[in-house]
Amino acid sequence: MGRLGPTEIILILVILVLLFGAKKLPDMARSLGKSARILKSEAKAMKSDGKKDEEAPADPPAPADQTAPQQRTIQAAPGDVTSSRPVAEPTDTTKR
């Protein structure tokens, strides 16, 4: 198996356009870029969380009178402000 030359690359691109259509390819590339940014920001957050855990002592337990947890927000990747949204904590939906 040899190297890919310009003819093979053009043939692969033509096949991709025929399979997926010219309209879907930019959307797929945009989606892939967003996924890469999110992955990068999550990896960076995990590294910084690990450093915080090593430096800071353990948090004291929450007081017993605290019944409702605060609402959290998922932070979007840099440059992607439209996808950040509040997240509701899971609750017990069965009423007894």
So which lysines can Lys52 reach, going by Cα to Cα under 18 Å and dropping same-chain residues fewer than 8 places off? Lys44
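So what's the net charge close to Ala43: Lys and Arg +1, Asp and Glu -1, counting the other residues with Cβ under 14 Å from its Cβ?
Summing Lys/Arg as +1 and Asp/Glu as -1 gives +3.
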So how exposed is Ser35, as accessible area in Å² (1.4 Å probe, rounded to 10)? 70
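The values are calculated or read from the model by the stated rules, or taken from the named source; none is laboratory data. Bear in mind the structure is a predicted one, so any value in this text is a computation, not a measurement. Cβ sites come from the backbone with ideal geometry, for glycine too, and all protein chains shown count toward neighbours. Surface areas here come from the heavy atoms of the whole protein model, side chains and all, with no ligands, DNA or RNA. Shrake-Rupley method; radii C 1.70, N 1.55, O 1.52, S 1.80 Å.
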